[in-house]
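To start, the structure under review is shown below, and the notes come after it.
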Amino acid sequence: ALRPQTALITLWVADAAGALSLVPWGLRRCERREVARLGLGLAAGVPVGIWALTTADPAVLRWGLCAAALAVIVALGAGWRWTGPLPSGAVTGVGFLSGFGGGVAGLSGVAPVVFYLGREAGSARLRANMIALFAISFPLGGTLFWWNGLFTVEALTYGALIAPIYALAIRIGAFLYPRASPQAFRRIAFGLITVSALAGLPLWDG
């Protein structure tokens, strides 16, 4: 519906109104060492993502991002899991993918969510770490977006219009979270990623 650069800033503004309210909760309950490793990779990945956003063909970006998300969901749905010890460098690598996704499309959450789902991590750990990671990605991304001249009146206007709806959805999700079983949590996470990836494919462009 929007140009990639406009969509990116629209999402960033909407996040400010919704997800920021959960940051204190996440910081109290996250695994700080793991979040720090993710954040290190994220800091390196965001500039690369912004470079791709500003230089690559938007259609190619959409195909690549959606195809990657669908491929991972298929692998996880088939039962592929990593159960052994994980090197710290791998966690930093996931952070880099998170930063790249955030810089190129505002999708910094996909890589960590898939990472935790693939390791059978508990929903509480996933949620707290993701919210704490957002506390790193939000100000870093905003600074780099501004530095690269991505803030426009159009994008800020769309973000302001979407923000109240987004904030309401965040609060509804927070209310429902403790009432969902781990199995339901995984099904919802898989479903949301799959639907988002399918909806973003250029196939539906008129």
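The values are calculated or read from the model by the stated rules, or taken from the named source; none is laboratory data. This one's a predicted model, so the numbers in the text were calculated from it and none came from an experiment. In this analysis, Cβ positions are derived from the backbone assuming ideal geometry, glycine residues included, and neighbour counts consider all displayed protein chains. Just so you know, the surface numbers come from the protein's heavy atoms only, side chains and all, with ligands and any DNA or RNA stripped out. Shrake-Rupley method; radii C 1.70, N 1.55, O 1.52, S 1.80 Å.
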The chain - charge dipole about Cα centre, Lys and Arg +1 at Cβ, Asp and Glu -1, debye rounded to 20
760 debye
Could you order Ile165, Ile73, Ile9 so the one with the most accessible surface comes first? Probe is 1.4 Å.
Ile165, Ile73, Ile9
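What is the dipole size for region 1-112, taken about its Cα centre, with +1 at each Lys and Arg Cβ and -1 at each Asp and Glu Cβ, in debye to the nearest 20? If you can, show how the numbers build up before the last one.
Values: 8 positive and 4 negative charges, 52 e Å.
For this selection, approximately 240 debye.
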Considering the options Ala124, Thr194, Leu53, tell which one lies farthest towards the positive end of the dipole of the chain, charges being +1 on Lys and Arg and -1 on Asp and Glu at the Cβ, about the Cα centre.
Ala124
With the crude spin-label approximation of a point 7 Å out along Cα→Cβ, what separation in nm comes out for Ala68 versus Ile165?
2.7 nm
Could you give the angle, 0 to 90 degrees to the nearest 10, between helix 58-77's Cα long axis and the longest principal axis of the Cα atoms of the chain?
10 degrees
Residue (of Ala36, Val74, Trp12) at the positive-pole extreme of region 1-88, dipole from beta-carbon charges
Ala36
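Count neighbours as other Cβ atoms within 10 Å of each site's Cβ, and list the chymotrypsin sites (Phe, Trp or Tyr not before Pro) in region 27-116 that are DSSP loop with at most 14 such neighbours.
Numbers: sites: Trp51, Trp63, Trp80, Trp82, Phe96, Phe100, Phe115, Tyr116; in loops: Trp80, Trp82.
Passing both the DSSP loop test and the Cβ count: Trp80, Trp82.
Determine the gain in length on full extension of the stretch Ile188-Ser88; use 0.36 nm per residue of separation and subtract their C-alpha separation, reporting nm with one decimal.
33.2 nm
Explain nothing, just the number: relative contact order of region 61-206, from Cα pairs under 8 Å at least 6 residues apart, as a whole percent.
Working: 73 pairs, mean separation 56.4, N = 146.
Relative contact order of region 61-206: 39 percent.
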